[in-house]
1. Could you tell me which GluC sites (Glu not before Pro) in region 51-86 are loop residues by DSSP with no more than 15 other beta carbons within 10 angstrom of their beta carbon?
2. Average the reciprocal distances over every distinct pair of alpha-carbons in region 29-78, invert the result, and give the Kirkwood radius in Å.
3. Name the long-range amide H neighbours of residue 26: under 5 Å, sequence gap of 5 or more, or other chain; modelled H, no Pro or chain starts.
4. Between the DSSP loop rule and a limit of at most 10 other Cβ atoms within 10 Å, which trypsin sites (Lys or Arg not before Pro) in region 10-54 are left?
5. With n ≥ 4 as the cut-off for DSSP H runs, can you work out [θ] at 222 nm for the chain, using -39500 (n - 2.57) per run divided by the number of residues, rounded to the nearest 500?
Amino acid sequence: MNNAVKTKLKKKNYQPYPGFYDLRIFRLNPREFFAAWRIQDYLYRVSKQREYYKRYAPYQWEQIKDLAAQLQMFLLPRLKTTETLR
């Protein structure tokens, strides 16, 4: 049995992480939005420990960088025509 409390993600509560794209400027359906949000959350938390990964887990760090690149490749074609990247 899992005793962890799951946080319900609600789009109205979304705040972009420092250094990350604001997901609201992309054409994403709800499923894509929440998946991208979870990935951003993971990447943000991992970025706080990047020195550890670079030093002690370089292979995982490369995988994390690949995940970030894949997220960017997924998002950029979905940029709303009325928006610009900030």
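Only the coordinates and a few stated rules stand behind these numbers; no lab work does. Computed from a predicted model, the values in this text were never measured in an experiment. Methodologically, a virtual Cβ is constructed for each residue, glycine included, from the backbone with ideal geometry; neighbour enumeration extends over all protein chains shown.
1. On the way: sites: 51, 62, 83; in loops: 83.
Qualifying residues, ordered by number: 83.
2. Details: mean 1/r = 0.0865 Å⁻¹.
In region 29-78 this quantity evaluates to 11.6 Å.
3. Sorted by chain and number, the residues that satisfy this are 80.
4. Details: sites: 10, 11, 12, 24, 27, 31, 38, 45, 48, 50, 54; in loops: 10, 27, 48.
When the trypsin sites (Lys or Arg not before Pro) of region 10-54 are filtered for loop state and at most 10 Cβ neighbours within 10 Å, 10, 48 remain.
5. Working: 3 runs with 43 residues, N = 86.
Mean residue ellipticity at 222 nm (helix-derived): -16000 deg cm²/dmol.
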